[in-house]
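S.K.: First the structure, then my questions, so here it is.
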Amino acid sequence: MSTTSEALKPSPAYGEPRKAGATARRDRWWVQPFLVVAALTTFGIYTIVRVILSTKYPGVYTDGAHLQSPMFSPDLAGIFGFHTKLPWSFLVLWAPLGMRTTCYYYRKSIYRSYFLAPPACAVAGAARRKYSGETKMLLFMNLHRFFFYAAAIVVGFLAFDFVRSLFYATAGGGTSFGVSIGSLIMLINVVCLSGYTFGCNSFRHLIGGNLDCFDCSASTRTRHTLWQRVTTLNVRHQEWAWLSMFTVWGTDLYLWLAGSGVFTDPHHIF
Amino acid sequence: MSTEMKGGHRQLKIWRGDRETGQLVDYELDTEPGMVVLDAVLEIQASQEPDLAVRWNCKAAKCGSCSAEINGKPQLMCKTRLDHLPADEPITVEPMRAFPQVRDLVTDVSWNYRVNEKIPPFTPREGLPNEYLMGQADTDRVSEFRKCIECFMCQDVCHILRDHRLQEKYYGPRFMVRLASLDMHPLDGLDRTDLIADQAGVGLCNITKCCTEVCPEGIKITDNAIIPLKERVADQRYDPLLKIFKRKGRQGRKKV
């Protein structure tokens, strides 16, 4: 015995117009795009406001140690003697922000959450007259590898910043080795950013994925091994992306508060 | 998601219709523990609706015939257990919506076969010995793509085909997988990069990974096929550094 069902809406049939959000899914598919928009928008606004407001950011000095926030690294004034009254960290931030904007994982998140193209699988996206994907306005996404090159250099500076944070200037003009909570947070940040940066799909391609043959010579076999290592990071690229975004955020916030005198960075000098 | 095997009374809403029109129709049946959606549909076909059209074959998730949209998501009917679906609401079963409907749950997927014919098949490199040998690492990379059972659920969920209907400009994820398997084959003698970029339209893909999410074989379609193909196109078309170092061409491969 069968009856005609009217309570549930089916998916738009083949050939039918599809309005945004049309789907037969009954799960909460909208939660993920909502969370992504909330997190990325908050991070973006925080970064821009912080960088504009803190044009004179010199780093945190605790008993002679220098802790540099990842949003203001490299220390252009301290390392290169470069001084300007403009929000100078934008001179560097374009690299990691550009890498994230053109990152294959973030592209998925941004297209789904901001452009609703589509908002979730088997859910009709926002109506667009002519969909062109990444062939026209978004062709610049193909430059991801260049942002990767620049971001990898920035990660190198962050590693330098961590090492520098372990050395404390003493009264006699020498240096002592020490560890602080801030420097450990900086280490965690470098590790997470490295996991994200060196698990990049473009890096995976350049390190070995572009080979037509993995097993044809000693050099291709070496590159295959490296490709496998990068692949290990790449399969968790999404997790590394979020984790490293939050560690950048957390590290900056911690150092900002410590530098503002809200609390003193706990440390031990050996 | 509970893994406890449950049977009991269930309600299904199955799409019934022809090429022109259709609607969801309610069915009720008693189920046994461990039953899959295909079991329920075949039970309804046997006991209530003998003219219910459904395509199936192996019932082992290997032939790719019983693709459908269950509760709005593309899934194989033979691989979707009833006790993994919410017990307190009806189960909807619809045909794949990116393809023209033939009848009830059966769709016309012949477009895929026409696309397949456009792809130049494996063409051995010149000068290869009669016995083809390749290393295990290369075999491993290509064999992932060979797992494809052509259920076409990736094509169904791809919004470029499903919503934007750009079948003339984009081959779809399934054929990106095929192109990747050929392009990464160490013994193949063709350079399909222009085909991948132009006719196959890899640039239209915006990597939202729905194809990967629905693949019953667990092929990492986006990460292992589409993104590497995009990067290979970038090598040849968008990377001035590689042009400066004259790394543009691919040795031993003829352009198609």
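S.K.: Applying the selection to segment A:26-64, what residues are open to solvent by 40 Å² or more (accessible area, probe 1.4 Å) and either touching a strand residue (DSSP E or B) at 6+ places or on another chain (Cβ under 7 Å) or within 14 Å of chain B (Cβ to nearest Cβ) (or both)?
M.R.: A:R26, A:D27, A:R28, A:W29, A:W30, A:Q32, A:D63, listed by residue number.
S.K.: Just the residues that are more than 22 Å from A:G209 (Cα to Cα), more than 10 Å from every other protein chain (Cβ to nearest Cβ) and either in a helix (DSSP H, G or I) or in contact with a Ser or Thr (Cβ under 6 Å, 6 or more places away or on another chain) (or both), please, taken from segment B:156-208.
M.R.: Hit for segment B:156-208 is B:L161, nothing else.
S.K.: Then there is this: Does segment B:42-101 hold any residues that are aliphatic (A, V, I, L, M) and either free of Cβ contacts under 8 Å to residues at least 40 places away in the same chain or under 23 Å from A:R28 (Cβ atoms) (or both), and which are they?
M.R.: B:L42, B:I44, B:A46, B:A60, B:A68, B:I70, B:L82, B:L85, B:A87, B:I91, B:V93
S.K.: Any residue at all in segment A:91-112 that is of a type in the set (A, V, I, L, M) and farther than 25 Å from A:F203 by Cα?
M.R.: no
S.K.: While we're looking at this one, here's another question. Which residue pairs have Cβ atoms under 9 Å apart, sit 6 or more places apart or on different chains, and have a first residue in segment A:74-87 that is more than 14 Å from A:G59 (Cβ to Cβ) and a second that is open to solvent by 60 Å² or more (accessible area, probe 1.4 Å) and not in a helix (DSSP H, G or I)?
M.R.: Qualifying pairs under 9 Å: A:K85/A:K56.
S.K.: Here's another thing I want to ask about it. Kindly indicate which of B:W15, B:W56 is of a type in the set (F, W, Y) and within 12 Å of chain A (Cβ to nearest Cβ).
M.R.: Going through B:W15, B:W56 in turn, just one is of a type in the set (F, W, Y) and within 12 Å of chain A (Cβ to nearest Cβ): B:W15.
S.K.: Determine whether segment A:100-107 contains at least one residue that is at pLDDT 85 or above and open to solvent by 20 Å² or more (accessible area, probe 1.4 Å).
M.R.: So far as segment A:100-107 goes, yes, one or more of its residues are at pLDDT 85 or above and open to solvent by 20 Å² or more (accessible area, probe 1.4 Å).
S.K.: Can I ask one more? Please find, within segment A:187-217, the residue that is nearest to B:T139 (Cα to Cα) out of those that are open to solvent by less than 40 Å² (accessible area, probe 1.4 Å), touching a residue at least 24 places away in the same chain (Cβ under 8 Å) and among the hydrophobic types (A, V, I, L, M, F, W, C).
M.R.: My answer is A:C200.
S.K.: Within segment A:36-48, count every residue that is β-branched (V, I, T), without any contact (Cβ under 8 Å) to a residue 12 or more places away in the chain and either part of a loop (DSSP other than H, G, I, E, B) or more than 16 Å from A:P70 (Cβ to Cβ) (or both).
M.R.: Residues that pass the stated criteria total 3.
S.K.: In segment B:112-155, which residues are among the hydrophobic types (A, V, I, L, M, F, W, C), within 14 Å of chain A (Cβ to nearest Cβ) and not in a helix (DSSP H, G or I)?
M.R.: B:F122, B:L128, B:L133, B:M134, B:F152
S.K.: Exactly one of (1) closer than 30 Å to B:L179 by Cα; (2) among the aromatic types (F, W, Y); (3) part of a helix (DSSP H, G or I) is unmet by A:F214. Its number?
M.R.: Failed condition: (3).
S.K.: Determine if segment B:230-240 includes at least one residue that is assigned to a helix (DSSP H, G or I), hydrophobic (A, V, I, L, M, F, W, C) and surrounded by 18 or more Cβ atoms within 10 Å (Cβ to Cβ).
M.R.: Checking segment B:230-240: at least one residue is assigned to a helix (DSSP H, G or I), hydrophobic (A, V, I, L, M, F, W, C) and surrounded by 18 or more Cβ atoms within 10 Å (Cβ to Cβ).
The values are calculated or read from the model by the stated rules, or taken from the named source; none is laboratory data. Just so you know, these numbers come straight off a predicted model, no measurement behind them. Here the Cβ is made from the backbone with ideal geometry for all residues, glycine too, and neighbour counts use every protein chain on show. These area figures cover heavy atoms from the full protein model, side chains too; ligands, DNA and RNA do not enter into them. Shrake-Rupley method; radii C 1.70, N 1.55, O 1.52, S 1.80 Å.
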